[in-house]
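Accompanying notes for the structure given below.
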Amino acid sequence: MRRGISSEWIIVLTIPLVLWFAYSVKTTNYTESAVPVRPVSGFDSSRAAIQFTRADTAAFPAIFEAAFDSTAVVSQHNELYRFRLLPVGLLYSHTGKIVVCDPINSHIASAVCDTFPIGSYSVELALASTQMGETVALSRVKFSEKPVKTWSMARWPGQIPRALKDSICYAFPVDAGLAIFADSVSNKHLVTHFDKYSDDIFMSRPHLQRFFGHTLYFDRYTVTSFQTGDGDGRYCVYTGRDAEGKICRLLVDFGFFRW
């Protein structure tokens with residue numbers, strides 16, 4: 001008796017084709033664009049109430065630093081959130097030009113306009129913990145230990161500067177439920193060898209599937225991939241500067257908290 005291919009094998013064989021197809025066609029609709037940040041009518045717009053050890057000195061919005069502090073407790077929408085800081089590797093900054101994007105779009109994504117410090121820097125995730133479990137609330141590259149004095153909205157080439165409290169923010173699209181941090185030359189190397197590294201970047205290898213994020217080290221390059229909060233969407237990026245005006249943070253906000 002002849003047996004056909006099982007549905008499980010069909011799924012396994014189909015996944016690489018779907019990723020390849022998505023990677024190939026994203027050029028037609030990709031853009032880092034402006035999205036509204038004010039709540040729609042009927043949405044509970046109450047802002048998060050934050051308590052943590054440096055709450056009195058943290059720059060606005062305080063949640064950008066509080067989420068990486070284990071002492072922080074945030075109350076929003078009648079739910080309490082606590083946090084766990086998860087280091088996920090190092091970013092090798094060769095040029096100071098950093099790409100933040102969905103890995104599917106790595107071949108067409110531009111670096112953000114700011115020029116960041118050269119060197120190797122810690123990539124960290126802020127995991128928000130609730131009764132439903134943990135999720136990635138924010139991600140960041142930490143360029144120094146100095147506290148943030150001011151935050152500004154990051155932008156991409158061709159976009160005009162906008163105030164931090166503007167009614168819209170610039171955001172990058174996510175369709176794979178993942179994003180990456182990579183120096184521009186590391187990203188070019190990734191694109192050139194995408195087929196070779198895709199299983200690591202998309203965390204599809206069995207030992208990576210339970211991870212919130214990890215860093216791929218190859219040659220002298222690094223690419224850090226991480227889960228994007230609730231998954232697909234458009235997410236805003238921010239740059240933090242210290243009291244001397246030097247960049248000390250690059251952060252992605254997944255929109256969990258109203259600030």
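The table below lists the values:
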read-out	value
Elements of type strands (runs of 3 or more DSSP E) in the stretch 77-149, at least 1 residues being within 16 Å of I180 (Cα to Cα) and of a type in the set (F, W, Y)	79-93, 119-130
Residue in the stretch 76-92 that is at pLDDT 95 or above, in contact with a helix residue (DSSP H, G or I) (Cβ under 6 Å, 6 or more places away or on another chain), of a type outside the set (A, V, I, L, M, F, W, C) and crowded, with 20+ Cβ neighbours inside 10 Å present	no
Test: residue in the stretch 111-123 that is of a type in the set (F, W, Y), farther than 18 Å from S225 by Cα and at pLDDT 95 or above	yes
Qualifying residue in the stretch 239-252 (condition: closer than 20 Å to T115 by Cα, surrounded by fewer than 20 Cβ atoms within 10 Å (Cβ to Cβ) and basic (K, R))	yes
Any chance S186 is modelled with pLDDT of 95 or more, more than 27 Å from E65 (Cα to Cα) and of a type in the set (G, A, S)	yes
Any pair with Cβ under 7 angstrom, 6 or more apart, that starts in the stretch 158-186 at a residue that is within 18 Å of G229 (Cα to Cα) and ends at one that is hydroxyl-bearing (S, T, Y) and assigned to a loop (DSSP other than H, G, I, E, B)	P173/Y30; V174/T228; G177/T228; L178/T228; A179/T228; I180/S106
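Listed here are the residues, each with its yes/no results for (1) modelled with pLDDT of 95 or more; (2) more than 18 Å from S93 (Cα to Cα); (3) out of contact with any strand residue (DSSP E or B) (no Cβ under 7 Å at 6 or more places or on another chain).
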position: M132; (1), (2), (3): no, yes, yes
position: V136; (1), (2), (3): yes, yes, no
position: V141; (1), (2), (3): yes, no, no
position: P157; (1), (2), (3): yes, yes, yes
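The values are calculated or read from the model by the stated rules, or taken from the named source; none is laboratory data. It should be emphasised that the depicted structure is a prediction, and the values quoted were computed from it without experimental measurement. Methodologically, a virtual Cβ is constructed for each residue, glycine included, from the backbone with ideal geometry; neighbour enumeration extends over all protein chains shown.
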